[in-house]
Amino acid sequence: MIDFIKALFITVLNFFSPAEDIAIVEAAPEAVITLPVQELVFDEEQLTCAALNIYYESRNQSELGQIAVSQVVYNRAKEDFWPNNICDVVKQGSYTTGRVSRHQCQFSWYCDGLSDRPKEFSTWQNALDVARYSYFAWSYGYDITEGATNYHSSKVKPVWRNDKGMSYVKSIHDHHFYYWNTKATVASNEDSYYN
């Protein structure tokens, strides 16, 4: 299935970019990609973090669902409210003791106390491919989440989904995607603080 997604992205990206850019990614996908649309660093370390998040958050999803999960991380990294690189977004949590506090992370797998080493080799390789191609597409403006910064599984109903400034965007398979307007939320918090 990843070959289908790869072919789809190449077709879409040919519309947005010169063929040379695609050839560069095909020839050296682990290289740092510097593109005009976004300024995020996407080196081997950032690729690994993105792929780990795909692996642990959505490996049971179709590639479309995995792409959506990965693009939420990229959307966060480009916004001022969250850390400005992929690894820091994925590893964001409470570090009160100098180490990440258990069960207090943005992505639960990162601080669940279990090993973060992938055990399913082919699934891990697929996650790396999805991370690589979804980033490349996203960097040219092809974002299937329409700018979403948050998501949750349909199996849970987190309280934050009703926060002021949180807007539902869409559902893809069993994940619901949202955009959190941090400016509206921060402004409303400041107003209530002074009133």
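Every number in this text was worked out from the coordinates using simple rules, so none of it is lab data. Owing to the predicted nature of the structure, the values given are computational and were not obtained by experimental measurement. Don't worry about glycine lacking a Cβ; one is built from the backbone with ideal geometry, like all the others, and counts go over all protein chains shown.
Descriptive notes on the structure:
- Ranked by how many other Cβ atoms sit within 10 Å of their own Cβ, fewest first, the residues His175, His152 fall in the order His152, His175.
- As a proxy for reagent exposure, ranking Asp80, Asp88, Asp129 by other Cβ atoms within 10 Å from fewest up yields Asp80, Asp88, Asp129.
- Cβ-based exposure ranking for Glu45, Glu79, in which fewest neighbours within 10 Å come first: Glu45, Glu79
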